[in-house]
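Here the structure comes first, spelled out in structure tokens, and everything after it is commentary.
The values are calculated or read from the model by the stated rules, or taken from the named source; none is laboratory data. Owing to the predicted nature of the structure, the values given are computational and were not obtained by experimental measurement. Don't worry about glycine lacking a Cβ; one is built from the backbone with ideal geometry, like all the others, and counts go over all protein chains shown. Each accessible area value is taken on the protein alone, full model and side chains, heavy atoms only, with ligands, DNA and RNA left out. Shrake-Rupley method; radii C 1.70, N 1.55, O 1.52, S 1.80 Å.
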Amino acid sequence: MNSKEKIAIPAQIMPTRDPKERAKCFDEVPLGYTEEMAVAEASRCLNCNTLPCVRGCPININIPKFLNLTMERNFVEAVGVIRESNYLPSICGRVCPQESQCQKECTIGRITSHPISIGNIERFLADNFSDELPGVVIPPKTGRKIAVAGSGPGGLTCASDLVKSGHSVTIFEALHEPGGVLAYGIPEFRLPKTILKKEIDSLKKMGVEFKMNTIIGKTITVEEILRDYDALFIGTGAGVPTFPGIKGEDLPGAYSANEYLTRVNLMRAWEKDARTPVTVGKTTIVVGGGNVAMDAARTALRLGSKRVIVAYRRLESDMPAKIEEVSHAKEEGIEFKFLISPVEILEDENGRIGGTVFRRMRIEKDPQGGRNKIFETDETFLITNDVIIFATGTSPNPTLTSNCLGLELDKYGGVVVNPETMQTSIPKIFAGGDSISSSSTVIMAMSNGKTAAKGIDKFLKSQE
Ligand code: SF4
Ligand code: SF4
């Protein structure tokens, strides 16, 4: 097929569950590609010599190679190519912000405005052909032991790469379920728990050990870990929510998105007799514009909230959320209000939330082409609501880091690392993901985990 013919192939649109049906249940929204769709989509690839898509992927998967194999229906080999760099492909295919990474750089996207749906093909391959993959060859044991704090994407990736180098790895997880933010933060309708379990089971088969309900810095001291293990990777994430500091934010019915999603995802808060239920509001306001805000809003809708409003202080075009998640939320009936910021939550006669006062914001374009500047106006107005969820950011979890003498932290509480190796100020300790301030997405955390695994391996060899 020549380039002209490839460009003429129509882009394959991912089928989704009907918005009315899905707004009432937690079933996954995108339904996945069929084999024919995956082959047709992969056939659009132009095999660019300069590999722009590979450069856009933080873990540099050989994208044209797995697309070519998909086009030839060599699906098992195709998933093998992905797994050379990525042990969580079913997850990345779902939650990676592809439009700002691999797909952003896709040449055919520049020509037709429909880049290859790399994430959708990755998901198709990993969901359907991972089981057939021949076992990963693990080299003889080196005798070196590494502890990983946190079983989120950074910790899982670091652990799998270290096991592949022959080291023994134990992941310590504070909660009763592995997966970190993938388990407690991302709702079932975006990342089903069965998919997460399958990916984690494949790491267990490779030899990664998990110790649940164990907090390094509380249940075990950092000193004990450093005594018993040759290195430690900190991937404890950003579990501390940021509140705006306004009156009424401590009223019943006001949540951080972190707490709200954890209760729903891990404690099945939608069940009638849940031990830690969440309040289902008539009107729920979610403050924020990222993927966490979309997850919280769509969860509130599914729990039975009659009206759900996303309130964002900037413009829609400034929202960091995935475009696909925003459009899914809109299709489901979630309202969006831009250029507003909460100033006070009002208390009703029962001591609960009676409404929220917002301030209108004003935006000015930056003539230099930088991020638009926003300013407060004098105009305020009231929205009547009974639940409010703040998805306005989190900061690194301090439980381990504050109990680690000599570990250098930045002003936000993030661990300071050498970006080449992810090594911290303590040579035996490495860190990545949301534990360092510069990382934000699942795939960036995975990229940090990979860099740290290389850094740890090099460090251990230097000690021999
Ligand atoms: Fe794209 Fe993410 Fe897959 Fe990389 S891991 S190819 S960024 S979807
Ligand atoms: Fe294929 Fe797009 Fe990558 Fe080019 S940039 S090789 S068209 S996926």
If you take the Cα Rg of region 338-380 and divide it by 2.2 N^0.38 Å, with N the number of residues, what do you get?
-> 1.63
What number in nm² do you get for region 243-390 if you take the convex hull of its Cα atoms and divide its surface by four?
-> 9.4 nm²
Solvent-accessible surface (1.4 angstrom probe) belonging to His176, in square angstrom, nearest 10 | 100 Å²
Measuring from label point to label point, each 7 Å out along Cα→Cβ, what is the Asn49 to Asp410 span in nm?
-> 3.9 nm
What residue among Asn397, Asn448, Leu382 has its Cα farthest toward the positive end of the dipole of region 369-464, where the charges are +1 on Lys, Arg and -1 on Asp, Glu, each on the Cβ?
-> Asn448
Three-way shape label, region 114-240, alpha-carbon gyration tensor, a/c 1.5 = oblate
Please report the relative contact order for region 3-132, taking Cα pairs under 8 Å with a sequence separation of at least 6, and give it as a percent rounded to a whole number.
-> 28 percent
Unsatisfied cross-links (Cα-Cα over 18 Å) in the set Lys141/Lys204; Lys65/Lys197; Lys20/Lys330 | Lys65/Lys197
Would you give the gap between the C-alpha center of region 412-429 and the C-alpha center of region 64-121, rounded to a whole Å?
-> 31 Å
Mind grabbing the base-10 log of I(q)/I(0) for the chain at q = 0.09 Å⁻¹? Debye formula, identical points on the C-alpha positions, no solvent, two decimal places.
-> -0.64
Order Ser327, Ser151, Ser117, most accessible first, counting only protein heavy atoms with a 1.4 angstrom probe.
-> Ser327, Ser117, Ser151
Between Ser425 and Glu379, what FRET efficiency comes out of the Förster formula 1/(1 + (r/R0)^6) with R0 = 51 Å and r the beta carbon distance, rounded to 0.05?
-> 0.60
How big is Rg to Rh over region 3-132, alpha-carbon atoms, Rh as the Kirkwood inverse-mean-distance radius?
-> 0.96
What is the extension gain from Lys204 to Ile138, computed as 0.36 nm multiplied by their sequence separation minus the C-alpha to C-alpha distance, in nm to one decimal?
-> 22.5 nm
Ile111 and Asp131 label points (each 7 Å along its Cα→Cβ direction) are spaced in nm at 3.8 nm
Kirkwood-based Rg/Rh on the Cα set of region 182-236 evaluates to 1.06
Those residues of region 29-61 whose amide nitrogen sits under 15 Å from the label point placed on Ile7, 7 Å along Cα→Cβ = 44-48
Once all protein chains are kept in place, Glu249 shows an accessible area at probe 1.4 Å, nearest 10 Å², of 40 Å²
Treat each spin label as a single point 7 Å out from the Cα along the C-beta direction, and report the Glu72 to Lys282 distance in nm.
-> 6.3 nm
Relative contact order for the chain: what is it in percent, counting Cα pairs under 8 Å that are at least 6 residues apart?
-> 15 percent
Length gained, Arg227-Asp250, 0.36 nm per residue minus C-alpha separation, equals 4.1 nm
Size of charge dipole - the chain - debye, nearest 20, with Cβ of Lys, Arg +1 and Asp, Glu -1, no other charges | 380 debye
Would you kindly calculate the mean projected area, averaged across all directions, of the convex hull enclosing the Cα atoms of region 173-302, in square nanometres?
-> 10.2 nm²
Sorted by accessible surface (1.4 Å probe, heavy atoms of the protein chains only), largest first, Lys205, Lys272, Lys104 come out as Lys272, Lys205, Lys104
Sorted largest first, extent of region 364-438 alpha carbons per principal axis (Å) = 53, 41, 17
